[in-house]
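A.B. asks: One structure, as structure tokens, below. Some questions next.
The values are calculated or read from the model by the stated rules, or taken from the named source; none is laboratory data. Computed from a predicted model, the values in this text were never measured in an experiment. Using ideal geometry, Cβ is built from the backbone for each residue, glycine included, and neighbour counts are taken over all protein chains shown. Areas reflect the complete protein model, heavy atoms only, side chains present, ligands, DNA and RNA absent. Shrake-Rupley method; radii C 1.70, N 1.55, O 1.52, S 1.80 Å.
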Amino acid sequence: MRELPFSRRSCCQIMAGGIVAAPSNVLGYKSLSNDRRWQRSQRWLLDQQSDDGGWHSKNYRDLEDGLGMTALVLYALSQRRTSNESEPADATRRGISFLETRLLKRLNDTSADTPLSRENYTIALLLAALRPYDEVVFAGLTQKLAIRLKQRQLKHTHDSEMSRMNAGGWGFSDSPMRDSVSQASANVSVTAYALEGLQAVGALTDVIQTAVLRFIDRCRSRERLTKSIGYFFTPNPDDPLNKAGSRRTSNGELHARAYRSATADALVCRLICLKQHQDPTTQAIFKYLCQDLREYLTQVDTKSHSVDVLRGIDFYHAASLGRVLRLNPEPQLLKLQLEYLRALESCRQDAGQYFSPYPWMRENDPLIATSFVLIASAALATP
């Protein structure tokens with residue numbers, strides 16, 4: 001499969017069942033980049049691999065161990081592989097081996113002074129990264145990780161409002177006693193990746209999906225009067241991780257505000273859980289994303305593609321939209337995503353890596369920003 005991440009040719013969606021062509025009315029859209037540019041970013045990531053097989057952050061101490069970072073890079077690199085590639089490339093094989101020998105040991109070490117940073121992300125990203133390979137090769141690893149991830153879906157276990165709100169979702173960590181309330185609370189982002197990881201290894205059940213749909217409904221914005229639907233990050237309206245903030249209604253109730261990446265993550269959950277993607281709610285979510293992204297792009301200097309207006313979570317925003325488009329290449333959103341990625345091109349460095357001057361979502365670490373760009377462009381390929 002020859003891939004052109006931003007081409008005049010047809011875009012397509014790579015799914016477990018094969019390749020699905022994007023709608024014809026997105027064809028002929030002006031090229032933003034080319035295959036060599038995507039390969040340059042991929043090559044930069046591969047060149048950052050350490051001798052031990054992992055990728056280690058030089059910016060953040062809690063990512064120096066390489067577990068979470070290696071899972072993210074492997075997931076990003078996996079986005080362009082096809083389902084008939086049964087053997088990993090050498091770099092990928094070394095990365096998987098790095099995680100296999102360290103991740104389970106770390107997860108079993110309950111006496112560790114410092115818990116694994118965002119461990120549920122790490123598990124889910126690795127499971128999803130293993131999708132294209134022969135399941136027999138990694139059967140033992142995927143089975144152990146899938147069992148752990150399923151066990152970590154939060155349940156309504158006691159009579160409290162917080163337990164009820166979080167039921168059905170996943171949080172960053174399985175160690176609430178060692179983490180803040182925000183870190184232990186369920187959110188739409190980890191939940192979306194957990195679903196993708198479990199689906200990748202055939203471990204997704206109807207019970208899990210039903211609980212997830214109920215959870216994301218508790219993250220649905222109630223403030224818009226238009227026919228669009230947005231979502232926020234976590235059900236607790238005053239949680240600081242709801243990055244768009246909150247507002248009080250006329251009757252004094254506190255409501256979190258919807259924003260782009262949370263809405264995209266919630267849509268990923270719906271697209272995975274529901275076979276029918278033409279229902280009114282799903283279409284209203286697509287409408288929200290298109291409206292929000294169109295408004296944002298009007299702030300960007302279209303001549304210089306200046307990203308001075310970026311607030312530091314734009315690479316993650318783009319990656320979330322890319323995951324939506326892999327599942328459903330909706331034409332209008334696809335066009336807007338191309339414009340979005342064009343704006344982010346000004347953040348590309350000479351060697352092919354990407355970097356944000358803002359620390360939010362840690363996108364000032366080029367390993368993270370570059371991985372997000374590869375994920376963001378994954379829906380764009382040509383068979």
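A.B. asks: Going by what's in this entry, would Thr210 be described as of a type in the set (Ser, Thr, Tyr), over 23 Å from Gln79 (Cβ atoms) and open to solvent by 50 Å² or more (accessible area, probe 1.4 Å)?
C.D. replies: So Thr210 passes the test.
A.B. asks: Report, by residue number, each residue of region 200-230 that is hydroxyl-bearing (Ser, Thr, Tyr) and modelled with pLDDT of 95 or more.
C.D. replies: Thr205, Thr210
A.B. asks: Identify all residues within region 346-365 that are on the phi < 0 side of the Ramachandran plot, open to solvent by less than 30 Å² (accessible area, probe 1.4 Å) and either acidic (Asp, Glu) or part of a loop (DSSP other than H, G, I, E, B) (or both); write none if there are none.
C.D. replies: Residues satisfying the conditions are Ser356, Glu363, Asp365.
A.B. asks: Within region 40-59, can you find the residues that are open to solvent by less than 10 Å² (accessible area, probe 1.4 Å), in a loop (DSSP other than H, G, I, E, B) and hydroxyl-bearing (Ser, Thr, Tyr)?
C.D. replies: Scanning region 40-59 gives a single hit, Ser57.
A.B. asks: Only one of Cys273, Cys269 is open to solvent by less than 10 Å² (accessible area, probe 1.4 Å), modelled with pLDDT of 95 or more and either closer than 28 Å to Arg80 by Cα or within 20 Å of the chain's Cα centre (by Cα) (or both); which?
C.D. replies: The conditions single out Cys269.
Residue-by-condition table, conditions (1) within 15 Å of the chain's Cα centre (by Cα); (2) of a type in the set (Val, Ile, Thr); (3) closer than 22 Å to Arg270 by Cβ; (4) at pLDDT 85 or above:
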residue	(1), (2), (3), (4)
Gln299	no, no, no, no
Arg311	no, no, no, no
Ser320	yes, no, yes, yes
Ser356	no, no, no, yes
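A.B. asks: Let me ask another. I'd like to know if region 246-254 contains one or more residues that are hydrophobic (A, V, I, L, M, F, W, C) and closer than 18 Å to His317 by Cβ.
C.D. replies: no
A.B. asks: Does Glu339 satisfy the condition of being at pLDDT below 95 and open to solvent by 30 Å² or more (accessible area, probe 1.4 Å)?
C.D. replies: yes
A.B. asks: Under the condition of being out of contact with any Cys (no Cβ under 8 Å at 6 or more places or on another chain) and aromatic (Phe, Trp, Tyr), which residue from region 336-383 is farthest from Arg40 (Cα to Cα)?
C.D. replies: This residue is Trp360.
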